[in-house]
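Below you'll find the structure, written out as structure tokens, and then a few comments.
Just so you know, all these numbers are worked out from the coordinates, no wet-lab data involved. Computed from a prediction, not measured in an experiment: that's the story for all the values here. Neighbour counts are summed over all protein chains in view; Cβ atoms, including those assigned to glycine, are modelled from backbone coordinates with ideal geometry.
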Amino acid sequence: MRKANHFLYLSFLLGGISMNAQQSYNYTQENKDFYNAVSLYNEQQYAVAQILFDQVKIKNTNDEIQAESAYYSANCAIRLGQAGAEQKISQFIYDYPTSSKQAQAYVDVSNFYFSQGDYDQSLRYAEKINEAILSPADKDRINFQKGYAYFSKKQNAKAKTYLDQVDLEGAYGNQAKYYLGYISYANNDYDQANEYFANVESVEKYQERMGYYKADMQFKSGNFQKAIEEGLAQMPKSTETEKSELSKIIGESYFNLKQYDKALPYLLAYEGKNGKLSNVDFYQLGYSYYQQKDYEKAVSEFNKIISGKDAVAQNAYYHLGESYLKLNQRTQALNAFKNASEMDFSAKIQEDAYANYAKLSYDIGNPYKSVPEVITDFLVKYPETPYKQELSDLLVDSYISTKNYKAALEVLESNRTPLNKAAYQKVTFYRGVELFNEGKFSQANSMFNKSIAERQDNKYVARATYWRGESEYALNRFGDAYQTFTTFKQLPQAQNTPEFKSAEYNLGYAAYKLKNYSNANTHFKNYLAAVKDDAKKSDATLRLADGYFVTKQYGAAMEMYNSILNSNSPYKDYAAYQKAISYGFIDKTPTKIEELQKFIANYKSSSLIDDAIYELGSTYANTNQTNKSIETFNQLISNYPQSNLISKTILRQGLVYVNANQEDKAIERFKKVVADYPGSQDTMEAVQNARIVYLDSGRSNEFAAWVKNLDFVDISTAELENDVFTSAESQMAQNNNEGALKSLNDYVSNYPNGLHATKAYFNMAEIYFGNNKVAEAKANYEQVVKRGKSEYTEQSLIRLSNMYLNEKDKTNAQRVLNLLEINASNDNNKLFAQANLMKIAYEENDMNTAAKYANILAANSKVDKRIKADAIAISARMAFKNSDTANARKLYEQLNSIASGDLKAEALYYDAYFKNADKKYDASNKIIEKLVKEYSANKYYNAKGLVLLAKNFYQLKDSYQATYILESVISNATEYADVVTEAKTELNRIKTEESKRNSSVK
């Protein structure tokens, strides 16, 4: 379409002022200045002329000369653009009502502005003209000027009003016909336009433009072949700009005739409006390439159509999707089909696009919605679709392929049909494994039971049975676990599962926990005979060695411990310690002492160092080496004051002094145990030992005076107290938890500080814990911790930590974890405390503490993969936050190699992020595709990954993918404000760039 300023400019004889108008005046000396001023006026020296006219008006006494001078002076003011010029014209008309220039004043000014192209000003004065006094010629001219002025302002309706009043056979007739023709053309009244244009077609100055309008009118009338002919005929006569417009008409005509090969050269030659093409233009180019099977070029044109919301866009996005598929760019195709399926301009295209979107979601995953939801929604929307059977078959498998088991389970449980039973069995199994890996063992156990109950696929019955055993073991239900693992081995499909190779290993552990060491040894031997897994093999070897040790097969035990010492196992310290102890049981005490001394020298950082020192001191004591024994025990007390063995060590020192007949030193040691560890079992023994020493030395009164101040010791009632506690333990042994709780509550009520109070509180806590009465369990575990360090402290701290962490009570969790870290004698418990203290510190933005624990955990060879992954992740995040990019990259690479679940999603995102930074955009996209397909449950990193995907696509010149993905993130990831903000910023940047070439982008 042509703009108004492409039309012809006119030249007019703007009648008015000339020397002839003054011929009626006599040329006298008196009028000389007036004629000089007129000459200057005609020479366009308006400033000088105005001065002379103003002087003549004052000096000359002739009324007509005065009127003429006023008239000219006002016209000079207009031409000089002086302020108040219009007022001067009005003043002239007011002052000289009989002047012959009266009617001409506004006409001349209007003509002047018209000739200057100032149509607004021309119209202002033209509206003031009294047309009644105009001659027909002047009136014709004024109507034309008004018509053209409005036409130039694109006010076609007003322009037509005045042009219709022009005498079409007069001086301005041809020009009026031309513009009336154009107005009819612009109003799509092609019959009227043709009539007007036909009247001026023979006029040479209009001929060269007629071809364009005729071509365009033929095109708009649907006469495409005629439009092509008219356009081609006009092309040689046209300017470069006009050729662009004609190329559009010719190209689009060929396009509508489905002659795409002929359309392409002309569509490509079209330069757009102000150098910008529209979405329609890009669609025609893309579709023409698509029809030529040039899919790369089709994509390059289709993907410039961004934010389209009309039928053209729907069609374009559908064919863009098909083009992507031809190029095996499935992620891009998914977005294109999704976009087309969201528009309803064409029902057929919408359904086909939706079907393709659903199938692609199954193939490659879906970042916007779970795949089962996509397929289910399609089947609900199109119940009679020809794709019904195909997509129904895909639905079942989609539950598994997405690994978004939580979302899949929600969909399945809301639609429990016989068709879904097999899928339900698989999904509950995988969801159970997912929950197990998150440490949610009770919920996992429930899922495994649901999976077993379906019994659609015997292989999954077997696998769910195995994992039910794992969850029972994790819940300390060792008897149930042993039975379940035994059942698993007997199932017909068990040997075809990946879990089968671990069955003997797990049976060995369950039997070991049940203290059925003979069975445990058998299972561990069976496992070691078949397995090739070095990590578990090392652990199983240790457990078999321990089994031999417990069953007093010391030679066999030592042989197993030696195999560990000759390996790369991180548990060499444990093997060395156990081997040293074993020498004591085969009457090689000197060798035992020598091995313990070597252990203390070689394994200073081992968690067993305090055990080794204690055992060495005890061995010295047993061989009557009193001084060495006391010295060794003192070393333990001084160097390891936080050891759980301190109360036992002091107690043992007391016994050493008793055997050495040093009663006072013995009593001092026993009293220290009672004073420092009132809640421990060692206190009971210390009191009894002290009593014997006092009695044997005839100092019973001193003993009586001492115990009188001990509120937890009452010799007279000790026997009764023991009876009450023994009754409670008897109930527990019979698994009568209700009776046991009653007896234990009776005991602590009657003996709140009794000798067995700590154990009573612990037993009650365990019963409540097993019955899932969390509040009651916490209260009793807290009592255990409050009563001071004892053999029950560590287990109570573990239980409390887990409960507070599950409740997200960070304050109490941190308090208890700090105590656990200090008091843990078990390496795994200490690591558990450190790992969770690290997480809490990071969440609370205590980066120094988080970094401290991350470094400790990352350096520990005994840390399992999950904890190590947490530590590496936190270190990586801090490095990234501190702009230590090189270190962050290295750490995320490490994380990627060991992580699972959410941490794997994070590692994949940063793998893609760094590839983007390296300008490896395709490689970055491949990683994001994996993230979306395999870790769709992690919505946060999926959303961040999509923003990164959009950035990659824009760098790869795919504007459509970039903008569509960003718009989807903005709409669907509203819970992640940081991601949405980043997406909006990127979208605005892209649209700003795209608006420079696409007129449809706003």
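Can you list the GluC sites (Glu not before Pro) in segment 357-393 that are in a DSSP coil and have 16 or fewer other beta carbons within 10 angstrom?
Glu384
So for the chain, averaging the separation of alpha carbon pairs under 8 Å that are six or more residues apart and normalising by length, what relative contact order in percent results?
6 percent
Which of the GluC sites (Glu not before Pro) found in segment 886-979 are in a DSSP loop and have at most 14 neighbouring Cβ atoms, other than their own, within 10 Å?
Listed in order of number, the matching sites are Glu975.
Name all residues of segment 463-500 having a backbone nitrogen under 20 Å from the label point set 7 Å from the Cα of Ile400 along its Cα→Cβ direction, giving them as ranges.
Answer for segment 463-500: 463-468, 491-500.
State the Kirkwood hydrodynamic radius of segment 410-526 in Å, one decimal place, computed from all pairs of distinct Cα atoms.
14.4 Å
Provide, as a two-decimal number, the C-alpha radius of gyration of segment 858-899 over 2.2 N^0.38 Å, N being how many residues it has.
1.10
What three numbers, in Å, describe the spread of the alpha carbons of segment 43-84 along their principal axes, ordered from the longest?
So the three principal-axis extents are 29, 20, 14 Å.
Among Thr486, Ala444, Ala407, which residue has its Cα furthest toward the positive end of the charge dipole of segment 407-517, with +1 on Lys/Arg Cβ and -1 on Asp/Glu Cβ?
In segment 407-517, that residue is Thr486.
Using Cα pairs under 8 angstrom and six or more residues apart, how large is the relative contact order of segment 256-323, in percent?
That works out to 30 percent.
Restrict the search to segment 401-501; then list the trypsin sites (Lys or Arg not before Pro) that DSSP places in a loop and that have at most 10 other Cβ atoms within 10 Å of their Cβ.
The qualifying sites are Arg416.
What number results when the radius of gyration of segment 498-607, computed over Cα atoms, is divided by 2.2 N^0.38 Å?
1.09
Can you give the Rg to Rh ratio of segment 110-168, both from alpha-carbon atoms, with Rh computed by the Kirkwood formula?
So for segment 110-168, dividing Rg by the Kirkwood Rh gives 0.94.
So how tilted is helix 421-437 from the main axis of the chain? Cα-based, degrees 0 to 90, rounded to 10.
Long axis of 421-437 versus the principal axis of the chain: about 70 degrees.
Cα centroid distance between segment 408-463 and segment 482-558, in Å?
Cα centroid to Cα centroid, the span is 27 Å.
Quick one: helix 279-291 against the long Cα principal axis of the chain, what's the angle to the nearest 10°, folded into 0 to 90?
70 degrees
Let me make sure I get this right: for segment 414-466, a, b and c are the square roots of the gyration tensor eigenvalues over alpha carbons, sorted descending. Under 1.5 in a/c it's rounded, otherwise prolate if a/b > b/c, else oblate. Which is it?
Verdict is oblate for segment 414-466.
Give me P(r) over segment 801-886, computed from all C-alpha to C-alpha distances, binned every 5 Å, as integer percentages.
3, 16, 25, 24, 19, 8, 4, 1
Please compute the net charge surrounding Lys403, taking Lys and Arg as +1 and Asp and Glu as -1 over other residues with Cβ under 9 Å from its Cβ.
In short, -1.
Over 18 Å between C-alpha atoms is what I'm after, so list which of Lys920/Lys957; Lys338/Lys381; Lys243/Lys273; Lys220/Lys276; Lys926/Lys951 land there.
Those over the limit are Lys220/Lys276.
I'd like the distance separating the alpha-carbon centroids of segment 952-1002 and segment 137-198, in whole Å.
The two parts, judged by their Cα centres, are 47 Å apart.
So if I place +1 on the C-beta of Lys and Arg and -1 on the C-beta of Asp and Glu, and nothing else carries charge, what would the dipole magnitude of the chain be about its Cα centre? I want it in debye, nearest 20.
I would put it at about 2020 debye.
Give me the dipole magnitude in Debye, nearest 20, for segment 407-517 about the Cα centre, with unit charges on the beta carbon: positive for Lys and Arg, negative for Asp and Glu.
That gives segment 407-517 a dipole magnitude of about 200 debye.
Run lengths n ≥ 4 of DSSP H only: what is the helix-derived mean residue ellipticity at 222 nm for the chain, with -39500 (n - 2.57) per run over all residues, to the nearest 500?
-23500 deg cm²/dmol
Can you run phi through the Karplus equation (6.51, -1.76, 1.60; θ = phi - 60°) for segment 76-85 and list ³J(HN,Hα) in whole Hz, with x for Gly and Pro?
4, 4, 4, 5, 8, x, 6, 5, x, 4
Rg(Cα) of the chain divided by 2.2 N^0.38 Å?
Expressed relative to 2.2 N^0.38 Å, the Cα Rg reads 1.61.
Taking only Cα atoms of segment 853-937, what ratio of Rg to Rh do you get with Rh as the Kirkwood inverse-distance radius?
0.99
Compute the signed sum of charges (Lys and Arg +1, Asp and Glu -1) over the other residues within less than 13 Å, Cβ to Cβ, of Asn826.
Here the count lands on -4.
Quick check: net charge around Arg543, other residues with Cβ under 12 Å of its Cβ, Lys/Arg +1 and Asp/Glu -1?
+1
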